[in-house]
Amino acid sequence: MSWSNPRYAGKRSRGWRRYLHEGLGIRRSFLLGITLMTGLMVFVVSTALINSERLTGDVNDILGERLPSTMNSFRTARAVDNLAARALTLLNISSEAEKQRAFSSLDEAQAQVEPYLRSLYDREGDEPTQTILQLSTELNANLADLRNLVEQRLDILITRDQSRRALSEAWQAMQQHLTFRIRMLEADSDVIAHLGTQPDFPAQDLRQMAIDNARLVPISRLYTLLGMISGDQIRATTSSTLSQLEVFEQQIASDLAEANEAKSKLPDFIQEAIEPDFQRLIDISNSPDNLINLRRRELELLSNGYSLLLQNAEITSQIDEASENLASQEVRQINRAGENALSYSQSSRLILLTVTATGLLGMLLFFYLHVMRNLIQRTANLSYTMQEIASGNFDVSLPQEGRDELGRLASAVHQFHRVAQEASARNSQLESSKQRTEAALQVLTEKTRELESANTQLTELSVSDALTGLANRRRFDDVLESQWQRALQANDAIAVLMIDVDRFKEYNDLYGHQDGDSCLQLIASTLKSHINRSSDILARYGGEEFSIVLPSCKLADACRIAEQVRQAVEALNMKHDESATGTVTVSVGVASTTPGSEESADLLLRQADSALYRAKRAGRNTVYCRQDNEYVSAASSDTSGQ
């Protein structure tokens, strides 16, 4: 018998098919298929678990070490910036209480920085970390120097107050002597003038009286010079530059020499009478701790302080840069870990796809050769039923269940039908949950808008005075600078009014701080009623002082508004027993200018403050304006052409 005969070849083919159907059987064929699928799934799941473990390790490295280190570097930079910012107020300290508050705030900020710096000690090998630690040490050293500087400045301020009191006492003593002599001189002049009209009075006696009286004339000049010396020393304490102090020092030296000369021309008995107080005034003026020398030392301390603040700003900038470098380094390591994880994931995915495709192809070939020849009809019916159920057609006719393999598969189809119906019901529930989620998102959006509105209100409160509701000093400075720049560009006028409540300290002492607050609120409301333009700004400058910026306002209009303000406050008739008028009044200083490129808004503010000082010295409840480099009363000034 030859196996190459086609007849026998056909028998071999039918034999293999009979073996697959009768020898292997449906159960064994499915067992074989399930075994192959199980093996494939075990391989796939094992590979997926290994891949997941690798990815979990990379993620844990990022979240557990890299990301916290990156966040800590940013927190360190933010804490250092806060520390440097709190140090900015140290140069404005003028009392022991302010010093204690500022030092306490600084200690709190340093305590906040320390935990972040300690967390960096474990990474001292990194160059950015080493830079941050070194710069933080330098910053703490600068802060210690600033603390010492504040202590020295407070000592200077105490000594300055003592020197000012001594100078004031010496000047008051001289005033008593000189005022008495000046009045005697005026009385003698009147007598001589009267006797000169009498024809019978001896001419020789009249001449001698005139000569004696003339010898007392220098006493008026001496009075003026000593007043100028005292006033210049007090004004020198407000000088902002050393060059201004030198000008005051030269002027005082010149006045002292002229005062000595004027004293030497007085009669000997007058020189002997005023010599102790005169010498005391001279000694105070020439003392190493006089007001000018104290102000010079204070300016030098402030200059050193500003230098330290500039160094702090540079240090914080370098710390920010080092923190960014450290964060960038961590981000690069995070990116590198992510890239490694991605590369490993892609390789694993390729292997899984290859193995899965190969296994599926083998199983398809196996089941095609076996099932298609034997179970095609029942399988087709089962497939059709499954498709209809999968498409949502749950009214399809279900196959009959049985005890054989396909019968049990039909039972599985019945189960799938029930599961699909339950899944459809769950989908409906998910859709309902989605709608509820969207409604919750809408509520969240509304809450977000409310939060933004609250933040806007907080921003407005940060530039408002809590007591009066007016703009605060910070807002005033910002508006003054912006309006100054606008006026400079437009070559337009700008005016500033400085308003001070007269004898307000006595009002507080007499009526209490609560009534004092009510008084300030009423005055603020009155002032506000005289601000008619949206570009004008009224601010509480500090304590009992108010200030008004009037853009596009010349001196005449500014003085008119100042007088209206003064009259309006006086018309309130608020009782004040310590005031000369018996009611609460205000003094107003006015300055107006068209800005030049070499000038600043601070100059205009100082001019208005000087005008206010002149109004105070003139007796209060008045308006003084700066006109033609002089300070004159608004009632007597000619501002119609300004």
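The values are calculated or read from the model by the stated rules, or taken from the named source; none is laboratory data. For clarity, every value in this text was computed on a predicted model and none was experimentally measured. Virtual Cβ from ideal backbone geometry, glycine too; neighbours counted across all protein chains shown. SASA here: full protein model, heavy atoms, side chains in, ligands and nucleic acids out. Shrake-Rupley method; radii C 1.70, N 1.55, O 1.52, S 1.80 Å.
Could you check region 612-631 and list, in sequence order, the residues that are outside any helix (DSSP H, G or I) and surrounded by 18 or more Cβ atoms within 10 Å (Cβ to Cβ)? Asn621, Thr622, Val623, Tyr624, Cys625, Arg626, Gln627, Tyr631 - these are the residues of region 612-631 that are outside any helix (DSSP H, G or I) and surrounded by 18 or more Cβ atoms within 10 Å (Cβ to Cβ). Residues that are modelled with pLDDT of 75 or more and either closer than 11 Å to Ala77 by Cα or in contact with a Pro (Cβ under 7 Å, 6 or more places away or on another chain) (or both) within region 324-339 comprise Glu324, Asn325, listed in sequence order. Among the residues of this structure, Leu342 counts as one that is modelled with pLDDT under 75, open to solvent by 90 Å² or more (accessible area, probe 1.4 Å), under 30 Å from Glu53 (Cα atoms) and not polar (S, T, N, Q).
Could you look through region 392-415, keep only residues that are under 27 Å from Ile34 (Cα atoms) and at pLDDT 75 or above, and pick out the one that is surrounded by the fewest Cβ atoms within 10 Å (Cβ to Cβ)? Among those residues, the one meeting the criterion is Gln415.
Please tell me if Glu275 is under 38 Å from the mean Cα position of the chain (by Cα) and of a type in the set (Asp, Glu). Considered against the rule, which asks whether it is under 38 Å from the mean Cα position of the chain (by Cα) and of a type in the set (Asp, Glu), Glu275 comes out as no. Residues in region 481-511 that are closer than 26 Å to Ala568 by Cα, within 28 Å of the chain's Cα centre (by Cα) and part of a helix (DSSP H, G or I): 0 in all. Being aromatic (Phe, Trp, Tyr), at pLDDT 75 or above and either part of a helix (DSSP H, G or I) or closer than 30 Å to Val42 by Cβ (or both): is that true of Tyr368 here? Against the criterion (aromatic (Phe, Trp, Tyr), at pLDDT 75 or above and either part of a helix (DSSP H, G or I) or closer than 30 Å to Val42 by Cβ (or both)), Tyr368 does not qualify.
Count of region 571-611 residues, restricted to those that are open to solvent by 10 Å² or more (accessible area, probe 1.4 Å) and in contact with a Ser or Thr (Cβ under 7 Å, 6 or more places away or on another chain), is 5. Within region 511-566, being among the β-branched types (Val, Ile, Thr) and at positive phi holds for no residue.
Restricting Thr137, Thr129 to those that are at pLDDT 80 or above and within 58 Å of the chain's Cα centre (by Cα) reduces the list to Thr137. Among the residues of region 215-237, is any open to solvent by less than 40 Å² (accessible area, probe 1.4 Å), modelled with pLDDT of 55 or more, in a helix (DSSP H, G or I) and within 30 Å of Gln318 (Cβ to Cβ)? Among the residues of region 215-237, not one is open to solvent by less than 40 Å² (accessible area, probe 1.4 Å), modelled with pLDDT of 55 or more, in a helix (DSSP H, G or I) and within 30 Å of Gln318 (Cβ to Cβ), which makes the answer no.
Restricted to region 92-102, and to residues there that are surrounded by fewer than 18 Cβ atoms within 10 Å (Cβ to Cβ) and in a helix (DSSP H, G or I), the residue that is nearest to the chain's Cα centre (by Cα) is Asn92. Return yes or no: is Leu117 closer than 19 Å to Ala327 by Cα and open to solvent by less than 70 Å² (accessible area, probe 1.4 Å)? Judged against the criteria, Leu117 is a match. Sub-9 Å Cβ pairs linking a first residue in region 464-475 that is assigned to a loop (DSSP other than H, G, I, E, B) to a second residue that is open to solvent by 100 Å² or more (accessible area, probe 1.4 Å), at least 6 apart or interchain, are Asp465/Arg473; Asp465/Arg475; Thr468/Lys528; Gly469/Lys528; Leu470/Lys528; Asn472/Ala466, ordered by first then second residue. Give region 518-563 a look and list any residue that's more than 30 Å from Gln489 (Cα to Cα) and either in a loop (DSSP other than H, G, I, E, B) or open to solvent by 10 Å² or more (accessible area, probe 1.4 Å) (or both), or say none. Within region 518-563, Ser518, Gln521, Leu522, Ser525, Thr526, Gly543, Glu544 meet the criteria. For region 381-391, give me each residue that is modelled with pLDDT of 75 or more and of a type in the set (A, V, I, L, M, F, W, C). Listed by number, the residues that qualify are Met386, Ile389, Ala390. The number of residues in region 576-599 being acidic (Asp, Glu) and within 20 Å of Trp484 (Cβ to Cβ) comes to 2.
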